[in-house]
1. With charges set only on the Cβ (+1 for Lys and Arg, -1 for Asp and Glu), what does the dipole of the chain come to about its Cα centre, in debye to the nearest 20?
2. What order do you get for 250-259, 328-337, 128-137 when each peptide is scored by the mean count of other beta carbon atoms within 10 Å, highest first?
3. So which aspartates and glutamates pass the test for Lys37, namely a Cα distance under 18 Å, with those fewer than 8 places away in the same chain ruled out?
4. Go from 0 up to the bin containing the longest alpha carbon distance in the chain, width 20 Å each, and give me the % of pairs per bin.
5. Per-residue HN-Hα couplings for the stretch 31-39, Karplus 6.51 cos²θ - 1.76 cosθ + 1.60 at θ = phi - 60°, whole Hz, x for Gly and Pro?
6. Pick out, from Gly124, Leu256, Met45, the residue whose Cα sits farthest towards the positive end of the charge dipole of the chain, with +1 on the Cβ of Lys and Arg and -1 on the Cβ of Asp and Glu.
7. Which links in Lys32/Lys255; Lys12/Lys32; Lys12/Lys331; Lys219/Lys331 stretch past 22 Å when you go from one Cα to the other?
8. Label the stretch 46-128 by shape, choosing from rounded, prolate and oblate, from the square roots a ≥ b ≥ c of the eigenvalues of the Cα gyration tensor; if a/c is under 1.5 it is rounded, and otherwise prolate applies when a/b is larger than b/c, oblate when it is not.
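We did not get these values from a lab; they are worked out from the coordinates using the rules stated. All values reported here derive from a predicted model rather than from experimental measurement. Backbone-built Cβ (ideal geometry, glycine too); neighbour counts: all protein chains shown.
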Amino acid sequence: MPPLVPPLPPLKRLSPPPARSTFLFGPRGTGKSTYAKQCFPDAVMLDLRSGPIARALAAEPERLHETLDAAPANRWVVIDEVQRVPAILDAVHQRMDREPERRFLLTGSSARSLHRAGVNLLGGRAGRRIMSPFLAAELGTAFCLTVAQRIGLLPVIWTADSPEQALADYATVAVFDEVRAEARVRQIDGFARALEQLALSHGSVISPTAIAQLAAVKKSTVVDWIDVLESMFLIARVPVFSARPSRRALAAQPKLYFADTGIAAAFRPTEHTRAAPDAIGASREGLVYQHLAAWCAAARDARLTTWRTTGGVEVDFVVESSDGLVAIEVKSGHTLRPADRRGLLAFHDEFPDARLIVLADSPLQQQQGPITIFPIAEFLLGIVPGAPLPA
């Protein structure tokens, strides 16, 4: 039997290297450390996952100066997993004052630890990026829509010997155990049930009240867990598009997406729920979310939202950028039914300057009135940060 994922050659991420000091956040396994080494192979590297280094700098953060005194001021400094020693940011700030030309790349998998510690976040002197899972364009010919829907696009999974086992291990160690430690969770059974319900809500409007009832915990506890997962970049809430006045009454609740659709699949409770049609549809929509979120993050003025009226008319995604509005629906199958066009045409009635796109299994690009139908894999392969969306 051929491997689920073919052996991958060394891949270069499409996100360009930062030009100034930057916080690089993202879930574990998205390749932040590898990216840092690719961008700055000659940088001073401080890996705070190393116990001795972390202990030494936690005891005396000013030791950073001793390390950097021996390095030229124009040499980049990479500090990996900076949230493990939040106090080091004071020393980084001091160094920036002392050497304005010195630049830092500070990676981390949790902003909560930094905010909770009340540390100095460099007074706005550093940019902020979110590292996404692989993009289809980065995988190129290795990209397979069916496989991506099944295991997601995390680099740590795609480069594993056994991707499905690696995904199961990731869900347990990198998410369940790490979030429990981060949030100091005591209600372990309730937390496990809440994670299952969040996974079942991937790509949907969430109800903390309903999740709390099913998990047998307080609603405030669920809200806190959701905040923790979001601060660790494992989930995101996509708000409703309201940047322009609408004649229709709009719903207020955001939709929830996991940062990687494979993580959501791993937390579904059974193999049956992972293979169900609604799960496959959610995985497909989640893949589109991942790519659009990465594209918007690379554009200074882009914003990703959804659109939904109180009457139940909706569009999966709305991308607003300097290039205008793009409304996107994600569908399964080859044919476009009248009901599939309803949301896009309602949006177009409100915003006639918007481009309308349906992503489906159609083998060729088609045009139906104002709606362009794209093969979904072709569209995903065409998403490149810094370039226009496929047209």
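1. That gives the chain a dipole magnitude of about 580 debye.
2. With the highest mean Cβ count within 10 Å placed first, the list reads 128-137, 250-259, 328-337.
3. Leaving aside aspartates and glutamates fewer than 8 places away in the same chain, those within reach of Lys37 are Asp47, Asp80, Glu81, Glu138.
4. Computed distribution, short to long bins: 26, 56, 18, 0.
5. x, 5, 5, 4, 4, 4, 5, 5, 6
6. My answer, from the dipole projection, is Gly124.
7. Lys32/Lys255; Lys12/Lys331; Lys219/Lys331
8. Verdict is oblate for the stretch 46-128.
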